[in-house]
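Got a structure for you, written out below as structure tokens; questions coming shortly.
The values are calculated or read from the model by the stated rules, or taken from the named source; none is laboratory data. Treat the numbers as computed from the prediction; the structure is a model and nothing was measured. Using ideal geometry, Cβ is built from the backbone for each residue, glycine included, and neighbour counts are taken over all protein chains shown. In case anyone asks, the SASA skips ligands and DNA or RNA and just uses the protein heavy atoms, side chains included. Shrake-Rupley method; radii C 1.70, N 1.55, O 1.52, S 1.80 Å.
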Amino acid sequence: MRIAATADLHFTAQRYTALRDQLHKVRDEADALVLAGDLTNYGQPDEMEPLLNALVRLRIPIIAVLGNHDYESGREADLMRMMTAEGIKVLDGSAYERDGVGFAGTKGFVGGFGRGVLTAFGEPEIKAFVRASIDEALKLERAMSQLRTSKRVVVLHYSPVAATVNGEAAEIYPFLGTSRLAEVVDRHGADLVLHGHAHHGKPDGTTTAGIPVRNVAITLLQSQQPSAVYRVFDV
Ligand SMILES: [Fe+2]
Ligand SMILES: [Fe+2]
């Protein structure tokens, strides 16, 4: 299966117009399109509506997770409903199988990487923060344990590894993802992990177990040579 992937569209009509011609090639180049979060800027239904109008015209199956921006207005449930109504498969701690390929997805959360992972110690506020990070890892665990396919793709918004956020300011690494997510991926096994959020990170990384991690934030893809608005993977 050829899977096209992009993230961080941060929809505005103007931004989308600039992408439209390139994006319309996707149905010739791929069998499915993955959107790895931050579809909108402020998580407003009136941002999602015109985006959905544009996405249905791509006439390709779409699998998506939400990003932090899609939560900004507290309307994430409405956004998921709108997307689902248009036939988009929204993954939120859930799994989806299509043509023998399993997709497991969740938004993920922040928390840091490797030795720098924040642990639940001290003030209740720290514990609540870490709890949110652990909860997203558990959601991914649940999603991955549902997959029965030999081919598996993990879809996240936040990064599971530091390698693909490298290029962003070191001070914000802990806010770009957490390796708690990678631990789950390595335990269950996958062929490919896709994420966004780190707009100025690096395209390629791997988990400790060697599973490929790809940052498909659109700004990053556009900054590559040749410039692109999505990347296609053969799984
Ligand atoms: Fe973003
Ligand atoms: Fe984001």
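For the range 120-213, I need the span (max minus min coordinate) of the C-alpha atoms along each principal axis, in Å, sorted largest to smallest.
42, 29, 19
Okay, moving on. Treat the range 62-101 as a sphere of radius equal to its Kirkwood radius over Cα pairs and apply Stokes-Einstein at 37 °C in a medium of 0.692 mPa s; give the translational diffusion coefficient in µm²/s, rounded to a whole number. Show your work: numbers first, answer last.
Working: Rh = 10.9 Å.
This corresponds to a translational diffusion coefficient of 301 µm²/s.
Let me ask something else about it. Please state the charge dipole magnitude for the range 1-42, taken about the Cα centre, from unit charges on C-beta atoms (+1 on K and R, -1 on D and E), reported in debye and rounded to the nearest 20. Intermediate values should be presented prior to the final figure.
On the way: 5 positive and 6 negative charges, 19 e Å.
With only Lys, Arg, Asp and Glu charged at Cβ, the dipole is about 100 debye.
Could you work out the helix-only [θ] at 222 nm for the chain, with each DSSP H run of four or more residues adding -39,500 (n - 2.57) and the total divided by the number of residues, to the nearest 500 deg cm²/dmol?
On the way: 7 runs with 76 residues, N = 235.
Helices in the chain give a 222 nm mean residue ellipticity of -10000 deg cm²/dmol.
Non-local amide H neighbours of PHE11 (under 5 Å, H modeled in plane, Pro and chain starts lacking H): which ones?
Here the answer is THR40, ASN41, since their amide H atoms fall under 5 Å of that of PHE11.
Okay, moving on. What are the trypsin sites (Lys or Arg not before Pro) within the range 1-91 that DSSP puts in a loop, where the Cβ has at most 12 other Cβ atoms within 10 Å?
ARG57, ARG59
Also, I was wondering about something else. Work from the charge dipole of the range 185-235 (Cβ charges, +1 for Lys and Arg, -1 for Asp and Glu, about the Cα centre) and give the residue of GLN225, THR206, VAL235 farthest towards its positive end.
About the Cα centre, the residue reaching furthest to the positive side is GLN225.
Placing +1 at every Lys and Arg Cβ and -1 at every Asp and Glu Cβ, with all other atoms neutral, what dipole size does the chain have around its Cα centre, in debye to the nearest 20?
Numbers: 25 positive and 29 negative charges, 112 e Å.
Result for the chain is approximately 540 debye, rounded to the nearest 20.
With a 1.4 Å probe and every protein chain left in place, work out the accessible area per residue of the chain in Å², rounded to a whole number.
Working: 10430 Å² over 235 residues.
Each residue of the chain exposes 44 Å² on average to a 1.4 Å probe.
Compute the whole-percent fraction of alpha carbon pairs in the range 71-181 spaced more than 17 Å apart.
Numbers: 3706 of 6105 pairs.
Value for the range 71-181 (Cα pairs over 17 Å): 61 percent.
How large is the dipole of the range 78-130 about the Cα centre if only Lys and Arg carry +1 and Asp and Glu carry -1, each at its Cβ, rounded to the nearest 20 debye?
Numbers: 6 positive and 7 negative charges, 31 e Å.
The dipole of the range 78-130 has a size of about 140 debye.
Here is a further query. So for the chain, taking the charge dipole from beta-carbon charges (+1 Lys/Arg, -1 Asp/Glu), which of MET1, TYR16, ILE134 sits furthest toward the positive end?
It is MET1.
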